[in-house]
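Notes follow once the structure below has been shown.
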Amino acid sequence: MELRAIPFAGTWGAASSVCRALASEVVLRELEATGALEGLSKKESKKKVNEAVPTRAQDLAEQVAVRIAAGQNGFARVEAVSGYVNISFDANAVAARLVGEVLRQGVAYGRGGPRGEVVMVEHSQPNTHKAFHVGHLRNTCLGVATSRILAAAGYPVKDATYIGDIGMHVIKCLWCYERFHRGEEPADPAARGRWLGEIYAESDARLNFRKDVLDLLHLLAREDQVFVAAIDRLLKYLWRMNTEGEDIAYLLGRMTHAQEIKEDLLREEDVIPKFWPIVGAQLRDEVENQKPYVPVEGVPEPTTTPEERLARWEALAPQMDEWWPQVPAWREEVKETFQRWERQDEEFVALWQETRGWSLADFERIFAELGARFDVWFFESQVEEPGRRMVQEMLEQGLAEISDGLPVVKIDAKLGLETETYRTLPILRSDGTTLYSTKDLALTKLKFEEYGVDRALWVVDVRQSLYFQQIAKILELAGFDQAAQAQHIGYEMVRLPEGVISSRKGNVPIYDDIRDAVLVRAREIIEEKNPDLSSEAKEQVARQVGIGSLKYAMLARDITKVVVFDLEEALSFDGHAAPYVQYAHARACRILEHAGATEEHLLGFADGLDFGSEQPEATELGLLQAVAALPEEVQRSAAEYRPLLLTNYVYELAKRFNDFYHACPVLQSPEPTRSARLALVAATRQALANGLDLLGIEAPAVM
RNA sequence: GCGCCCGUAGCUCAGCGGAUAGAGCGCUUGCCUCCGGAGCAAGAGGCCGCAGGUUCGAGUCCUGCCGGGCGUACCA
């Protein structure tokens, strides 16, 4: 018989829907026997049956209820309600057992029994030489929570971070450093990681300058009708400027037809820089003399405003004359720089090591702030060579093959799949340099072989789900069976209210900025709410509440949902947010403090808990039920890899505590109610603290 | 084209096949002589994207469609 909790306040017990299922069978059989269903369509007879089901279910439930009640099973009440059999417990007795259990177990309350399977959670994969941003923040929050929840569910867990300390991004950054900024690093070592991230962003802007310019021109051609209409006028202007020629004809022709401009088809180096000021003049004119937008049949609506288009032009304009001519040479220099890495040029390796250290120091600080600690630090640089060897072996085995000049694995073909499923994965660049896949093949094997794990989880955003399936499948094809136990936990992206985050647009919220803003706000609020705290205490609470809110915002959305990160919203500590839960915890602490009751003391009378009436108050029951639910929520959250479930749990628990708090005085109540309620407060405090801890959120005693 | 994900209140989101679909934000109105007002109470606000199907019972499972996002051979 299937049981579930009774979904109404004021009762505590189990409900069974068995009579509802039974009733339809009974009714169907009766109607068939009397011939009432003859000649009716399936739908009609179903309707007839369903009409009779509710009353029959209630009849049956009443009969069952009487039987059970007669059996004297120690239940408080047995009732039949709308076809359900509801069995209520003796709440005082169940409450006493529960509260005693929670207080005895303390910080261990909610934890499951030990399990044998060792799980490695790989999360937090920032790249050195780049900034730690809001996307990494979601990853680390989810990773920390997932790991803690799995540990609480009973698994031995190993936390692993995988640092991208080598790759094209590092080469680009170091090229830019050597070429333009050598020796300009900040004197303060703590500021160097962030500075390096800015150098990377600059290298990206320099190397992609031509692409960005052409992208803008293409955008104008596509959606700025006024601009396209003006091209004829621009042509005349150019004629007067004596820049006539094949290139101009090509350029304007492509733009008139909204086609992409291919850089290699431009013969003269300076045609775009010459054209550029005219584009700006036109865009400025469009901003100043704006006409209302008129939709045209068959022409897609513009995705940008004239102001935005002008802003993009203005962002590129200052560098045009200096950068445009140099881009091809720069790209060559970057290639040469990559070669220095490949041949392990001594001077270059030393530079790499030094700058890498700047970023790592930053990451260690950020991980500490976010409560992420790792049993293992993996680095991309450490698996490059093992990866290359694996590629070589796969080529020899015939699993990998050279296609279009580079080693790939045609996975579907190897599996004999007709329909396109795993597709093809390149596993090494044609120039012999390593790809992400080269390194992940080696790393995944390493996890199982060197670290003795039974299951390996990748906490990485959902865009890489095909990629991770490919990695696991390739390893299986290579005869590495454990790869089947490698699993991707793909969570959705972080976006901004104004759209996608892209380093190209330069709109990536940097973690340090977000954290600073949140701490400033938290300090303001503490100053206002609790000015008497010592300044050390204020600073500690600001950190607990500020960082806690940030984490909560990242965890309070399911992993299948895109997080729209709104700094304003993150700075609001009202409502469904960490401080609501933390505040409930602080108030519970304060009540216990006033009572002068330690938990050991409360434990003394927990066994004889008596709420002072036959049945505890509705809000007391609600709270007891919530406290009781933690162990089950931990298991479900772990099984589904969904920290959200625990986030919802602590919020619900805090809410029930508030209901209780407003309805039931604790300290002024007569005994034995006072002691019972005090013990309930202590158990609630413990459940709140334990739940928050699993999310990696601190539970302040005062705030 | 194929694959994965999302679509629930004005907005952001919960909702373990079950009883009356819930929170927060925003809006309206109340509540500190009482364990802390980062709170509480009340009100307004819903073709749970659409159409079929499975089931005694569907926001929840299945199929199709519509809308949006992401992925899909040398980025990571």
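Sub-7 Å Cβ pairs linking a first residue in the range A:659-676 that is touching a residue at least 60 places away in the same chain (Cβ under 8 Å) to a second residue that is near RNA strand B (Cβ under 6 Å from one of its atoms) and in a helix (DSSP H, G or I), at least 6 apart or interchain, are A:Tyr661/A:Arg587; A:Val666/A:Ile591; A:Leu667/A:Ile591; A:Leu667/A:His594, ordered by first then second residue. Scoring A:Val541 on the criteria (1) within 22 Å of the chain's Cα centre (by Cα); (2) surrounded by 16 or more Cβ atoms within 10 Å (Cβ to Cβ) leaves a single failure, condition (1).
Scanning the range A:544-558 for residues that are more than 20 Å from A:Gly371 (Cα to Cα) and buried (at least 21 other Cβ atoms within 10 Å of the Cβ) yields nothing. Scanning the range A:484-518 for residues that are among the small types (Gly, Ala, Ser) and either in contact with a helix residue (DSSP H, G or I) (Cβ under 9 Å, 6 or more places away or on another chain) or not in a loop (DSSP other than H, G, I, E, B) (or both) gives A:Ala484, A:Ala486, A:Gly490, A:Gly499, A:Ser503, A:Gly506, A:Ala517. Here A:Asp215 clears all of (1) away from RNA strand B (no atom under 16 Å from the Cβ); (2) at pLDDT below 90; (3) under 23 Å from A:Trp324 (Cβ atoms) except the condition numbered (1).
Looking across the range A:528-548, the residues that are touching a residue at least 24 places away in the same chain (Cβ under 8 Å) and either in contact with a Phe, Trp or Tyr (Cβ under 6 Å, 6 or more places away or on another chain) or more than 8 Å from RNA strand B (Cβ to nearest atom) (or both) come down to A:Leu533, A:Ala537, A:Gln540, A:Arg543, A:Gln544, A:Gly546, A:Ile547, A:Gly548. Residue under question is A:Arg77, and the condition is that it be touching a residue at least 24 places away in the same chain (Cβ under 8 Å), crowded, with 17+ Cβ neighbours inside 10 Å, under 49 Å from the mean Cα position of the chain (by Cα) and closer than 20 Å to A:Ala5 by Cα; does it hold? Here the answer is no, as A:Arg77 does not meet what is asked. Filtered by the rule that a residue be of a type in the set (A, V, I, L, M, F, W, C), more than 6 Å from RNA strand B (Cβ to nearest atom) and surrounded by fewer than 22 Cβ atoms within 10 Å (Cβ to Cβ), the range A:566-591 gives A:Leu567, A:Ala570, A:Leu571, A:Ala577, A:Cys589. Whether any residue in the range A:634-645 is in contact (Cβ under 8 Å) with a residue 12 or more places away in the chain, within 11 Å of RNA strand B (Cβ to nearest atom) and either of a type in the set (Gly, Ala, Ser) or within 23 Å of A:Gly10 (Cβ to Cβ) (or both) is what I want to check. Scanning the range A:634-645, I find at least one residue that is in contact (Cβ under 8 Å) with a residue 12 or more places away in the chain, within 11 Å of RNA strand B (Cβ to nearest atom) and either of a type in the set (Gly, Ala, Ser) or within 23 Å of A:Gly10 (Cβ to Cβ) (or both), so the answer is yes.
Looking across the range A:648-677 at every residue that is aliphatic (A, V, I, L, M) and near RNA strand B (Cβ under 9 Å from one of its atoms), the one that is surrounded by the most Cβ atoms within 10 Å (Cβ to Cβ) is identified as A:Ala654.
Just wondering, is there one or more residues in the range A:454-475 that are at pLDDT 95 or above and assigned to a loop (DSSP other than H, G, I, E, B)? Checking the range A:454-475: at least one residue is at pLDDT 95 or above and assigned to a loop (DSSP other than H, G, I, E, B).
Among residues of the range A:431-445 that are free of Cβ contacts under 8 Å to residues at least 60 places away in the same chain and within 19 Å of A:His123 (Cβ to Cβ), those with a beta-carbon under 6 Å from a residue that is assigned to a helix (DSSP H, G or I) and within 8 Å of RNA strand B (Cβ to nearest atom) at least six positions away or on a different chain give the pairs A:Lys439/A:Glu380.
Among residues of the range A:347-362 that are in contact (Cβ under 8 Å) with a residue 24 or more places away in the chain and of a type in the set (Phe, Trp, Tyr), those with a beta-carbon under 8 Å from a residue that is part of a helix (DSSP H, G or I) and surrounded by fewer than 14 Cβ atoms within 10 Å (Cβ to Cβ) at least six positions away or on a different chain give the pairs A:Trp358/A:Pro189.
Scanning the range A:585-603 for residues that are touching a helix residue (DSSP H, G or I) at 6+ places or on another chain (Cβ under 7 Å) and of a type in the set (Val, Ile, Thr) yields a single hit, A:Ile591. Being near RNA strand B (Cβ under 8 Å from one of its atoms) and buried (at least 20 other Cβ atoms within 10 Å of the Cβ) is a property that A:Val563 has. A:Asp90 passes every criterion in (1) in contact with a Phe, Trp or Tyr (Cβ under 8 Å, 6 or more places away or on another chain); (2) charged (D, E, K, R); (3) near RNA strand B (Cβ under 9 Å from one of its atoms) apart from (3).
The residues of the range A:177-193 that are part of a helix (DSSP H, G or I) and exposed (fewer than 13 other Cβ atoms within 10 Å of the Cβ), listed by number, are A:Phe180, A:Pro189, A:Ala190.
Name the residue that is farthest from A:Arg284 (Cα to Cα), counting only residues in the range A:181-202 that are without any contact (Cβ under 8 Å) to a residue 40 or more places away in the chain and of a type in the set (Gly, Ala, Ser). Only one residue fits best here, namely A:Ala187. Within the range A:449-473, the set of residues being away from RNA strand B (no atom under 13 Å from the Cβ) and among the hydrophobic types (A, V, I, L, M, F, W, C) comprises A:Val453, A:Ala456, A:Leu457, A:Val459, A:Ala472.
The values are calculated or read from the model by the stated rules, or taken from the named source; none is laboratory data. Small disclaimer: the values here were computed from a predicted structure and weren't measured. Neighbour counts run over all protein chains shown; Cβ positions are idealised from the backbone, glycine included.
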